[in-house]
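The values are calculated or read from the model by the stated rules, or taken from the named source; none is laboratory data. The structure presented is a predicted model; accordingly, all values stated were derived computationally and were not measured. So basically every Cβ, Gly included, is an ideal-geometry build from the backbone, and we count neighbours across all protein chains shown.
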Amino acid sequence: MSGLIFFSTRELETIVDFYSNKLGMDIWLEQADCVILKHDNLMLGFCQREKTGKDGMITFYYETEKEVDEAYLRHKDISTTKPQLNEKYNIYHFFATDPEGRDLEFQKFL
């Protein structure tokens with residue numbers, strides 16, 4: 001089974017630009033007021049609405065700690081933490097936010 005997660009946005013063009021140009025996701029499908037982005041097995045849909053949906057967290061995972069560190073260097077401007085070990089969940093990760101304040105996590109499972 002495949003799936004995707006939809007979010008409402010007040011700034012569709014800004015969000016699509018951010019996820020495609022800043023984070024490297026591809027536009028998979030464009031509809032009247034919705035755009036679906038894809039990278040590997042992650043699909044996110046954003047639909048223009050009067051309210052911004054920010055519940056939950058979008059997590060991007062990597063194969064190595066080095067890739068997490070490289071992502072941090074690329075996204076330092078949006079990061080809210082530095083890469084660190086989380087012993088409770090046995091992950092190496094850092095947090096960031098998108099232009100509308102959605103929580104993003106970049107991690108490697110250890």
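Conditions tested, residue by residue: (1) within 15 Å of Phe7 (Cβ to Cβ); (2) exposed (fewer than 15 other Cβ atoms within 10 Å of the Cβ); (3) in contact with a strand residue (DSSP E or B) (Cβ under 6 Å, 6 or more places away or on another chain); (4) of a type outside the set (Val, Ile, Thr).
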| residue | (1), (2), (3), (4) |
| --- | --- |
| Lys38 | yes, no, yes, yes |
| Glu50 | yes, yes, no, yes |
| Asp55 | yes, yes, no, yes |
| Asn90 | no, yes, no, yes |
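Apart from one condition, Ile58 fits all of (1) of a type in the set (Val, Ile, Thr); (2) more than 12 Å from the chain's Cα centre (by Cα); (3) closer than 17 Å to Thr97 by Cβ; the exception is (2). Among the residues of this structure, Glu67 does not count as one that is among the acidic types (Asp, Glu), part of a loop (DSSP other than H, G, I, E, B), assigned by TED's automatic domain parsing to the domain that holds Asp98 and modelled with pLDDT of 95 or more.
How many residues does the range 21-36 hold that are under 15 Å from Ile78 (Cβ atoms) and surrounded by 13 or more Cβ atoms within 10 Å (Cβ to Cβ)?
Going through the range 21-36 one residue at a time, the tally reaches 3.
Quick one: is Asp103 surrounded by fewer than 15 Cβ atoms within 10 Å (Cβ to Cβ) and either at positive phi or within 11 Å of the chain's Cα centre (by Cα) (or both)? Here the answer is no, as Asp103 does not meet what is asked.
Quick one: Phe46 ticks every box in (1) outside the structural domain of Lys108 (by TED's automatic domain parsing); (2) surrounded by 17 or more Cβ atoms within 10 Å (Cβ to Cβ); (3) within 18 Å of Phe106 (Cα to Cα); (4) not small (Gly, Ala, Ser) bar one, so which box is it? Phe46 satisfies every listed condition except (3). Counting only residues that are part of a strand (DSSP E or B) and under 19 Å from the mean Cα position of the chain (by Cα), which one in the range 81-97 is farthest from Met57 (Cα to Cα)? Looking at the filtered set, the residue picked out is Gln84. Inside the range 10-43, can you point out the residues that are aliphatic (A, V, I, L, M), at pLDDT 95 or above and either in the same structural domain as Ile91 (by TED's automatic domain parsing) or in a loop (DSSP other than H, G, I, E, B) (or both)? Listed by number, the residues that qualify are Leu23, Met25.
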